[in-house]
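K.L.:
After the structure tokens below, expect a handful of questions from me.
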Amino acid sequence: MSQRLPTATDGLRIGAGAGFAGDRMEPAVELVNHAQLDALVFELLAERTIALAQRRKRSGSGPGYDERLPA
């Protein structure tokens, strides 16, 4: 990823991805290493992921969120 901020005349290269909490991270690493991006954005807290986390919380078997996410 570039270290400088783009100017108004520069293009902005954005990589994006979506998935569920158990998806692999290797494709994102490939984007970072090879796509020359300015920004990388992910959406991974889909409704199914949140519902399953809440089910674990209510049953006492989990915290109610994906533990791989920083607190």
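K.L.:
Rounded to the nearest 20 Debye, what is the dipole magnitude of the chain about its Cα centre when Lys and Arg each give +1 and Asp and Glu each give -1 at the C-beta?
P.N.:
400 debye
K.L.:
Along Cα→Cβ, 7 Å out, is where each label goes; now give me the distance between the ones at residue 35 and residue 50 in nm to one decimal.
P.N.:
For the pair residue 35/residue 50, the computed spacing is 2.4 nm.
K.L.:
Considering only 3, 49, 29, whose Cα is most displaced toward the positive end of the charge dipole of the chain, charges sitting on Cβ of Lys, Arg (+1) and Asp, Glu (-1)?
P.N.:
The residue sitting farthest along the positive end of the dipole is 49.
K.L.:
Give the Rg (one decimal place) followed by the Dmax (whole number) of the chain, computed from C-alpha coordinates and expressed in Å.
P.N.:
Using the Cα atoms of the chain, the pair Rg, Dmax is 16.4, 53 Å.
K.L.:
If I take every Cα pair under 8 Å that is 6 or more residues apart in segment 14-59, average their sequence separation and divide by the length, what percent do I get for the relative contact order?
P.N.:
The normalised contact order for segment 14-59 reaches 51 percent.
Here, each number is a calculation from the coordinates, and none is a lab measurement. Just so we're clear, the structure is a prediction, and the values are computed from it rather than from any experiment. Cβ: placed from backbone, ideal geometry, glycine included. Neighbour counts: every protein chain shown.
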